[in-house]
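Every number here is computed from the coordinates shown, using simple stated rules; none is lab data. Everything quoted here is computed from the prediction, not taken from an experiment. Here the Cβ positions follow ideal geometry from the backbone for every residue, glycine too, while neighbour counts run over all protein chains shown.
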Amino acid sequence: MIIEFVGADVEAAGKSVAALTASWGYQPEPAPTAEPATDPDNTRGVDPLALTSLIVSIPSAVLAVADIADRIHKRRRAGELIEHARQLRAQQATVRLVREDRSIDLATLTPDQLLDLIADEPPAT
């Protein structure tokens, strides 16, 4: 996920959001300057036998509970991030979620909308 800061004091806004995400155990990465080179020898695949045994060994009820717990945890964090974006907007700084097709003001989203936008984003390579 890329977050862009627009406004009067973008440096302070960036530090503020970095402090919030650091409290979650995440360190922000600097914005990429160029597209990273791909390694043609890096061929990762999924072992079908290992995947099948993993799926069979985990009961579906445990997976459902884990998914719900994960969603609740992520929703709380998304809510904190959005609330922080709203506070920064009051200080004349805008926090935007940058996507390939558009950028969106975080302060206008609900936690579920933010999680859906992140889930729709293609995985980083």
Contour excess over end-to-end distance, with Cα ends at I118 and D67 and 0.36 nm allotted per residue: 16.8 nm
Förster-model FRET efficiency, 35 Å R0, T52 and Q87, C-beta, rounded to 0.05: 0.15
Hz values of 3J(HN,Hα) by residue in the range 78-84 - Karplus curve (6.51, -1.76, 1.60), Gly and Pro given as x: 4, x, 5, 5, 5, 4, 5
Order by protection proxy (mean Cβ within 10 Å, highest first), peptides 63-69, 104-110, 114-120: 104-110, 114-120, 63-69
In Hz, Karplus ³J(HN,Hα) per residue of the range 66-73 (6.51, -1.76, 1.60; θ = phi - 60°; x = Gly, Pro): 5, 5, 5, 4, 5, 5, 4, 5
Kirkwood hydrodynamic radius of the range 64-125, Cα pairs, Å: 12.5
